[in-house]
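Contents: one structure, followed by commentary.
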Amino acid sequence: MAGPQTNQQARSWDPKFTHEDRERWVCVYPAYINSKKTVKEGRRIPKDKAVENPSYIEIRDVCLSAQLIIGVENKTYCRELEHKDLKYRGRIRIQLKNEDGSLKYEKFPNKQSILLYLGETIPKLKTRQHGGGGSQQGAQQQQGGKSQKKKGRKGK
């Protein structure tokens, strides 16, 4: 599936760019669909339709499965407080229109339709389905931390 994804470097803006050029594609940051964010922090869809802490990898996977033409960029959303943190990195660019300006996908006439689609599809991913596994792993890490403290104590 390497066909739909392009990896060219972004160029400076030029008014001559067509809808085929990557610079004219819509940008999607994970913060746009994050239910943990407020509207002021960058959420763009209603909270009940948003996803808890989505990653750019999940957004990429959903877009590729929907046969969208995308590009992945190593960028951070400007409103992100922890912009150095790697879990907040990633921007997806999605081509919505053909070179003549007509819609490329009937199902996605605008950016909002893509964001709502991502909000309803990401929770259905296999990585999101196994919620119980994450809590068990967290409990094991806590137990491991307690045993490490005991090893460092003198005389006991």
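Derivation of every value follows stated rules applied to the coordinates shown; laboratory data play no part. Keep in mind it's a predicted model, so treat the numbers as computed, not measured. We place every Cβ from the backbone using ideal geometry, glycine too, and count neighbours over all the protein chains shown.
Along the Cα-to-C-beta direction of Asn110, a point sits 7 Å from the Cα; which residues of segment 31-63 have their amide N less than 15 Å from that point?
Hits in segment 31-63 for Asn110 at 15 Å: 44-46.
Using 0.36 nm per residue of separation minus the Cα-Cα distance, give me the extension gain between Asp48 and Glu120 in nm, one decimal.
This chain segment gains 24.9 nm when fully extended.
So how do 22-35, 62-75 stack up, highest first, on mean other-Cβ count within 10 Å?
Per-residue Cβ counts within 10 Å, averaged per peptide and sorted highest first, yield 22-35, 62-75.
Multiplying the sequence separation of Glu73 and Glu99 by 0.36 nm and subtracting their Cα-Cα distance, what value in nm do you get?
On the way: separation 26, 0.36 × 26 = 9.36 nm, distance 2.19 nm.
Full extension of this stretch gives 7.2 nm more.
Going by amide H atoms built from the backbone, whose H comes under 5 Å of the H on Asn34, apart from near neighbours?
Arg44, Val51
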